[in-house]
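Some notes on the structure that comes next.
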Amino acid sequence: MRSVPFIILVLLAVGSAEASARQVLIREEAPTDRAAGFSLSELEESYREMDAAGISTLRLLEGGTHNVNIRRIRGGETALIHPVTVDVWVVQEGSGTLVTGGRLVDENGAEVTGQRGAAIRGGVTRVIGPGDVVFIPAGVPHGIRDTDGITWLNIRFDTG
């Protein structure tokens with residue numbers, strides 16, 4: 001097993017109020033000359049480190065147009081759309097209700113024209129848990145709700 005420093009870099013988003021919510025902790029840049037992998041014990045150590053630091057997203061590999069993340073959340077999270085990014089989720093622990101499709105809406109149920117909303121109206125709901133794999137095409141609204149805790153590997157790549 002290789003030794004990897006927990007946090008290499010913090011990327012900051014634009015806007016002070018949302019910056020802390022959008023910070024992404026990066027473990028390492030995605031290599032272009034070799035394969036990269038993470039053992040189960042390394043992933044489990046990352047979960048413990050994330051819990052201790054109160055972090056919900058850890059980017060294992062950053063490749064610019066592609067990345068591999070650990071997502072670890074409790075409760076729900078904002079519904080969103082990635083206009084050009086495909087997500088592939090591999091659930092590791094816990095469960096939650098995934099909502100996909102439909103329309104993003106605000107807290108009052110009015111449609112949202114941006115990439116984030118309070119909820120999704122008219123989407124498909126399904127409970128996901130360990131071992132489930134989910135493919136979310138670019139442009140499809142998605143979000144997790146009704147969870148006491150869920151952890152998934154999030155493999156992402158841009159399509160445009």
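The values are calculated or read from the model by the stated rules, or taken from the named source; none is laboratory data. Predicted model only: the values in this text are computed from it and were never measured. As a convention, Cβ positions derive from the backbone with ideal geometry for all residues, glycine included, and neighbour counts pool all protein chains shown.
Just for the range 68-84: of the residues that are within 12 Å of the chain's Cα centre (by Cα) and charged (D, E, K, R), which one is modelled with the lowest pLDDT? Among residues in the range 68-84 that are within 12 Å of the chain's Cα centre (by Cα) and charged (D, E, K, R), the one modelled with the lowest pLDDT is GLU77.
For the range 54-63, name all the residues that are in contact (Cβ under 8 Å) with a residue 24 or more places away in the chain, assigned to a loop (DSSP other than H, G, I, E, B) and either over 13 Å from the mean Cα position of the chain (by Cα) or buried (at least 20 other Cβ atoms within 10 Å of the Cβ) (or both).
Let us first name the residues in the range 54-63 that are in contact (Cβ under 8 Å) with a residue 24 or more places away in the chain, namely 55, 57-63.
Now narrow it down to the ones that are assigned to a loop (DSSP other than H, G, I, E, B): 55, 63.
The one that is in contact (Cβ under 8 Å) with a residue 24 or more places away in the chain, assigned to a loop (DSSP other than H, G, I, E, B) and either over 13 Å from the mean Cα position of the chain (by Cα) or buried (at least 20 other Cβ atoms within 10 Å of the Cβ) (or both): GLY63.
Residues that are touching a residue at least 12 places away in the same chain (Cβ under 8 Å) and buried (at least 18 other Cβ atoms within 10 Å of the Cβ) number at least 2 in the following strands (runs of 3 or more DSSP E) confined to the range 72-160: 85-100, 103-105, 119-121, 142-158.
The listed residues are GLY96, GLY143, and the only one of them that is more than 24 Å from HIS66 (Cβ to Cβ) and at pLDDT 95 or above turns out to be GLY96. In this structure, is GLU29 in contact with a helix residue (DSSP H, G or I) (Cβ under 9 Å, 6 or more places away or on another chain), surrounded by fewer than 16 Cβ atoms within 10 Å (Cβ to Cβ) and free of Cβ contacts under 8 Å to residues at least 60 places away in the same chain? Spelling it out, it is not the case that GLU29 is in contact with a helix residue (DSSP H, G or I) (Cβ under 9 Å, 6 or more places away or on another chain), surrounded by fewer than 16 Cβ atoms within 10 Å (Cβ to Cβ) and free of Cβ contacts under 8 Å to residues at least 60 places away in the same chain.
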